[in-house]
Amino acid sequence: MSSFEGSSILRASHRIGCHHGFTPLQYAVPEKKGRYPYPESLKLDDLDDPAKALASVCKAFKDGEITPSTTTPYFVWHSNITAGRPTPKNPFVQFCALGSQSPLTDAVLMRAMVALMKEFDDHIGTISVNSLGDKETRVRYQKDLTNFFRRHAGTYSDEVAELAKHDVVKAAIQFSKEPHPVEIPRPTDHLSEASRKHFEAVLDYLEATDTPFTLAQNLLRDNQAWHDTCFEVKNATGTLSVTGGRSHELPKHFFKSLPVPTTSAMLTFTMSKGKQVPSVKLKIAPSVMFVHIGDEAKRLTMRLTNALFEAKLPMMQTLPLESLSAQMQIVDKVNPAYLVIIGREEATKGVVKVRHRDSYNEVEVPISPVSLLIKHLSKVAQ
């Protein structure tokens, strides 16, 4: 069984998280104003592990009396690895985007998770992607599943039959794990117009940024917690696995006043209990931040992500943020020395603007070849 060092997991998570715009949870919620119980309406025992971990993040924001929203989203990561304690059996790292309804967020999370996995193993499989749809979708899909199990009664296991009496989606999940001559109905055949547009946009971002993926129609999740996009990816040995997806309903148990559309992804390490984790210092002030204006600029930056990451530049991006004002709020908090600005005009010309924030001096730097951009950013990021 593989062994992973807890400190190296934390360092890699922070470096990759920062590069993609995610900060440690304890920095986003530095202190607790109160200690609220888990809502009685939320049945924790019925949730899978990624949903339970997401619930703990929502509770941390609730305890800190902070409410994420579509106008004030939060991008955080957390782990069950704690300095001063042994690395737990099967440690995990979870990235969460609370308050972002952009399909770009889904694509960014997938790419971030793959980058994190590659820190520990180069033999990473293709991302499997599906859409579970919204409430409107699920009503139609559950009706189709009910009819499906009635038509094929007697052809599936007793376990599936028992689950189908109470929850046809859970029955479908079990059915998809067993060999059958017929295929389970696909949720994508029932997508509402809103869910269809969201899913098409996610796939468009993945294709535009040359991100390998495959449509996995039998990839299902418990519909109490997960909706719309869902995805997973594993390494060849099965010691690393990512489970990710969107959740509309779960955050509602914690935040009643505003909708908090949320996407999260959990990377789990399969291992035995590890060594004690030493104290890990996580620097949270990169010298360079990217600001993006327009979809083409975001796609262009996503294509640059791997090259910039491999150059080990201390930089931060805000790709999932829709508006310029939201991006500038993060800029003011992080206070980097330089901004790299990519708008519609820059994307068309194939350049970026590098601006020193104190002096307002600004230069244009060509994106191709990318080595020139890396060389220039390496100088200003010192």
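The values are calculated or read from the model by the stated rules, or taken from the named source; none is laboratory data. Since we're looking at a predicted model, the values are computed, not measured. Positions of Cβ are generated from backbone atoms using ideal geometry, with glycine treated the same way; all protein chains shown enter the neighbour counts.
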**Request:** Restrict the check to the range 2-20 and report whether at least one residue is under 20 Å from D63 (Cβ atoms) and crowded, with 18+ Cβ neighbours inside 10 Å.
**Result:** no
**Asked** If you go through the range 99-111 one residue at a time, do you hit one that is within 22 Å of K32 (Cβ to Cβ), at pLDDT 90 or above and among the hydrophobic types (A, V, I, L, M, F, W, C)?
**Response** no
**Fill in**
R151 meets each of (1) more than 27 Å from the chain's Cα centre (by Cα); (2) touching a residue at least 60 places away in the same chain (Cβ under 8 Å) with one exception, condition (2)
**Prompt:** Across the range 162-192, what is the total count of residues that are free of Cβ contacts under 8 Å to residues at least 12 places away in the same chain, in contact with a helix residue (DSSP H, G or I) (Cβ under 9 Å, 6 or more places away or on another chain) and over 16 Å from L220 (Cα atoms)?
**Reply:** 2
**Item:** Filtered residues of the range 308-355 (kept if closer than 16 Å to D295 by Cβ, surrounded by fewer than 20 Cβ atoms within 10 Å (Cβ to Cβ) and among the charged types (D, E, K, R))
**Value:** E322, R344, E345
**Complete:** The condition of being of a type in the set (S, T, Y) and more than 30 Å from K170 (Cα to Cα) holds, among T229, T214, T305, only for T305
**Fill in**
In the range 9-47, anything touching a strand residue (DSSP E or B) at 6+ places or on another chain (Cβ under 7 Å), more than 17 Å from M117 (Cα to Cα) and assigned to a helix (DSSP H, G or I) is listed as L25, A28
**Request:** Might you let me know whether the range 343-358 holds any residue that is farther than 30 Å from Q101 by Cα, in a helix (DSSP H, G or I), over 28 Å from the mean Cα position of the chain (by Cα) and among the β-branched types (V, I, T)?
**Result:** no
**Prompt:** Restricting attention to the range 30-41, does a residue exist that is surrounded by 13 or more Cβ atoms within 10 Å (Cβ to Cβ), under 21 Å from T105 (Cβ atoms) and at pLDDT 90 or above?
**Reply:** no
**Prompt:** Can we say Y205 is under 20 Å from T262 (Cβ atoms), in a helix (DSSP H, G or I) and not acidic (D, E)?
**Reply:** yes
**Request:** Of the conditions (1) more than 28 Å from E207 (Cβ to Cβ); (2) in contact with a His (Cβ under 9 Å, 6 or more places away or on another chain); (3) not aromatic (F, W, Y); (4) not in a helix (DSSP H, G or I), Q101 clears all except one; give me its number.
**Result:** (1)
**Unmet criterion (only one of (1) charged (D, E, K, R); (2) buried (at least 18 other Cβ atoms within 10 Å of the Cβ); (3) over 23 Å from E200 (Cβ atoms)) for D158** = (2)
**Message:** Going residue by residue through the range 79-87, is there one that turns out to be within 16 Å of the chain's Cα centre (by Cα), surrounded by 15 or more Cβ atoms within 10 Å (Cβ to Cβ), assigned to a helix (DSSP H, G or I) and in contact (Cβ under 8 Å) with a residue 60 or more places away in the chain?
**Reply:** no
**Asked** In this structure, is V57 in contact (Cβ under 8 Å) with a residue 24 or more places away in the chain, under 16 Å from P251 (Cα atoms) and either assigned by TED's automatic domain parsing to the domain that holds K234 or surrounded by 22 or more Cβ atoms within 10 Å (Cβ to Cβ) (or both)?
**Response** yes
**Prompt:** In the range 309-316, is there at least one residue being modelled with pLDDT under 85 and in contact with a Cys (Cβ under 6 Å, 6 or more places away or on another chain)?
**Reply:** yes
**Message:** Just to be sure before I move on: is S368 touching a residue at least 60 places away in the same chain (Cβ under 8 Å) and out of contact with any strand residue (DSSP E or B) (no Cβ under 8 Å at 6 or more places or on another chain) in the structure I sent?
**Reply:** no
**Asked** Out of the residues in the range 110-148 that are among the β-branched types (V, I, T) and closer than 18 Å to D228 by Cα, which is farthest from the chain's Cα centre (by Cα)?
**Response** V139
**Asked** For the range 223-284, which strands (runs of 3 or more DSSP E) that fit wholly inside it have 3 or more residues that are farther than 27 Å from M315 by Cβ and of a type outside the set (V, I, T)?
**Response** 227-234, 240-247
